[in-house]
There are 2 protein chains.
Amino acid sequence: MLQFKVIKNDASSSARLGQLVLTHGVVDTPVFMPVGTQATVKTLTPDELYEMNTKIILGNTYHLYLRPGEDLIEKAGGLHSFMNWQNNMLTDSGGFQVFSLSKLRKITDEGVYFNSHIDGSKHFLTPEKVMDIQQKLGADIAMCFDECSPYPCSYEEAAAAVRRTTHWAGRCQAVHCREDQALFGIVQGNVFPDLREKSAFDLVEMDFPGYAIGGLSVGESKEEMYHILDLTHTLLPPAKPRYLMGVGAPEDLLEGVRRGVDMFDCVLPTRLARHGTAYTRRGKITIKNAAFTADFTPLDTDCSCYVCQNYSRAYLRHLFKAGEILALRLLSYHNVYFLARLMENIREAIREGDLTGFYHRFLRDYQVN
Amino acid sequence: MLQFKVIKNDASSSARLGQLVLTHGVVDTPVFMPVGTQATVKTLTPDELYEMNTKIILGNTYHLYLRPGEDLIEKAGGLHSFMNWQNNMLTDSGGFQVFSLSKLRKITDEGVYFNSHIDGSKHFLTPEKVMDIQQKLGADIAMCFDECSPYPCSYEEAAAAVRRTTHWAGRCQAVHCREDQALFGIVQGNVFPDLREKSAFDLVEMDFPGYAIGGLSVGESKEEMYHILDLTHTLLPPAKPRYLMGVGAPEDLLEGVRRGVDMFDCVLPTRLARHGTAYTRRGKITIKNAAFTADFTPLDTDCSCYVCQNYSRAYLRHLFKAGEILALRLLSYHNVYFLARLMENIREAIREGDLTGFYHRFLRDYQVN
């Protein structure tokens, strides 16, 4: 099931405040969805995510299909039950991962032959198989199997991927039957405006309950990405949620929201954390830096998260230098919280008609690097 | 400060129920103290330890001296404040670590020359220096600098270590001056009864507020260890707490308590966890085992910890196989909780005059391996 309601449209941009009702509850949009690739948002427990008011997280179909397998997860009662997650989930289709992680062997109109990145074993995924997997995982939102063309790529290559993605979307729709799970289409087209138009047009015809914008943040410049977003959101029905896949830098969340995006996901906050980088209102900091050796202030003096209320930069730096797992936990917690709070501030700014003001204030202080 | 009160002596063994009052609150004994080597009990937050009712943890002087250094920790307001720990702490003296971890260069009556296990840098620790470090760290209990002879070793070697340990204990006592910190003496003597007697006699003369039994669980058989404990506890004043260093296997906790030990510490619960091993009432299990692939029961059906209430063996196995940090967290939490609950059960059994019954019931079910 899926209901989407636009509560308020921003006057000075394409941003909108919305509410998405899914099987496991209400999600206020725009929303950032933390990624739980292997049935865990890395280093964190579900309870910690609830503390941050997280209403929806991702799981990765490609990873979970390879390990532990969708049949085991189905036997556990589905992904929610397997990982002890009580709010909403979205599973991606594995399309992006097959192309970016696996050793790709062959793409045909029928499906994709590839070798597992874990053990090299041979696999064949079709739209029907991907639907079967996602229905066994049982997330609240499933995604159509898509072909994500690389960047850079030729127009012909990108066009072929769009044609195949549309064809596969039809096959996904034909076999998808879980009523407690909404199926989203994915707009492809690389950086070619007419391909984005073609892709969006054909998918909108098919009347999905929501649409993703795929194939961005894969190597193109930010300007190219924003340019494609400028176009693409105008091609999608205003009454349906729009999800920009794989994008999560704070500045991109702001730019995406202003271009009509309702949902985002990205591994960045947890991945950066594991490399010792923390978000702050002034920009990112690298906790290993000697400058923080005797810095007894929190990561971000402006932050009210558990980590900033209880631990100093000096302590976190020590943990990180000493190779302690607690460092990875605490930085991950802070970074996911930071994005959750940013989205909360964005929603509040839209509600109060001050998104442009918030946007300028945020980017004045936040050093993009 | 330290007050120790024996509340009840067990009728059928040397076990006693006690209460230890330290600067940061009351500790019920017998107690197991989780180890926070580098200013963190590995993978866990202080809040998680409070949830388990943990009243005292360890910090390691050797590690903290090398990184981040006692001066930084003093600047942070001491170890409690640095790591955000509000209950009691004990710091060991670094004696054991200097001998087991560092590249030892020379021992003289003056002190120990060694190379850091981190960067090979040269260091010289004396009893006075170790007292200075521990007073800067500011734990509630500090330990005298001792020489821990290896196992096996000659009588002469062990005798020399005892002589030096006693001599150093006097020097430690002479310079120790923090009134909010109690200083314990450490009985050495390897597996030689007359050396244990000599060591204990001389240290008891010096009237420390508590005594540790050091140099056990270093390679000798369990029978040898229990034998030395049988002797040593009779040499120590009944009105003072007795601490068996570095011992933490469930069966050894029970055997130690029956031989008059009040305090224990060990890295075992967290180290085993990071290697995928969990305690259960039936014995240890290795979560990686294929047998648990589709086992949707908790680690220990008899356990009321957060992990056993929320996660299945199948899920924990998946996390462990997938290399997820959450696996290490959850297993560590469970193992530390398991020992906390064991000690609680032991205290309750002494209180109710049923320690021998509990001992037999526990060891009937618990498969030692």
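Looking across the stretch A:301-321, just one residue is over 18 Å from A:GLY283 (Cβ atoms), more than 8 Å from chain B (Cβ to nearest Cβ) and not in a helix (DSSP H, G or I), and that is A:SER304.
Only residues that are modelled with pLDDT of 95 or more and surrounded by 17 or more Cβ atoms within 10 Å (Cβ to Cβ) were counted across the stretch A:94-112, and they come to 2.
To keep it simple, each residue is scored yes or no on (1) farther than 21 Å from A:VAL6 by Cβ; (2) touching a Lys or Arg at 6+ places or on another chain (Cβ under 8 Å).
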| residue | (1), (2) |
| --- | --- |
| A:THR234 | no, no |
| A:PRO237 | no, no |
| A:PRO241 | no, no |
| A:LEU254 | no, no |
| A:GLY260 | no, yes |
| A:MET263 | no, yes |
| A:CYS266 | yes, no |
| A:THR270 | yes, yes |
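For the stretch B:1-25, the tally of residues that are under 15 Å from B:TRP85 (Cα atoms), touching a strand residue (DSSP E or B) at 6+ places or on another chain (Cβ under 6 Å) and among the β-branched types (Val, Ile, Thr) stands at 0. For the stretch A:130-141, the count of residues that are at pLDDT 95 or above, crowded, with 24+ Cβ neighbours inside 10 Å and within 24 Å of A:LEU229 (Cα to Cα) is nonzero. Looking across the stretch B:250-273, just one residue is assigned to a loop (DSSP other than H, G, I, E, B) and either surrounded by fewer than 21 Cβ atoms within 10 Å (Cβ to Cβ) or modelled with pLDDT under 95 (or both), and that is B:VAL267. Number of residues in the stretch B:274-300 that are within 21 Å of A:LEU44 (Cβ to Cβ) and either within 12 Å of chain A (Cβ to nearest Cβ) or part of a strand (DSSP E or B) (or both): the value is 3.
If you go through the stretch A:291-300 one residue at a time, do you hit one that is surrounded by 20 or more Cβ atoms within 10 Å (Cβ to Cβ) and within 25 Å of the chain's Cα centre (by Cα)? So far as the stretch A:291-300 goes, yes, one or more of its residues are surrounded by 20 or more Cβ atoms within 10 Å (Cβ to Cβ) and within 25 Å of the chain's Cα centre (by Cα).
Take the stretch B:145-164 and flag every residue that is touching a residue at least 60 places away in the same chain (Cβ under 8 Å) and buried (at least 18 other Cβ atoms within 10 Å of the Cβ). Hits for the stretch B:145-164 are B:ASP146, B:CYS148, B:SER149.
Among the residues of the stretch B:324-369, those that are among the hydroxyl-bearing types (Ser, Thr, Tyr) and either in a loop (DSSP other than H, G, I, E, B) or under 26 Å from B:ILE56 (Cβ atoms) (or both) comprise B:SER332, B:TYR333, B:TYR337, B:TYR359, B:TYR366. Checked across the stretch A:5-21, the condition of being buried (at least 17 other Cβ atoms within 10 Å of the Cβ) and facing chain B (nearest Cβ under 10 Å) holds for no residue.
The values are calculated or read from the model by the stated rules, or taken from the named source; none is laboratory data. Note that the coordinates shown come from a computational prediction; the quantities given were computed from them, not determined experimentally. Counting neighbours? That spans all protein chains shown, and the Cβs are built from the backbone with ideal geometry, glycine included.
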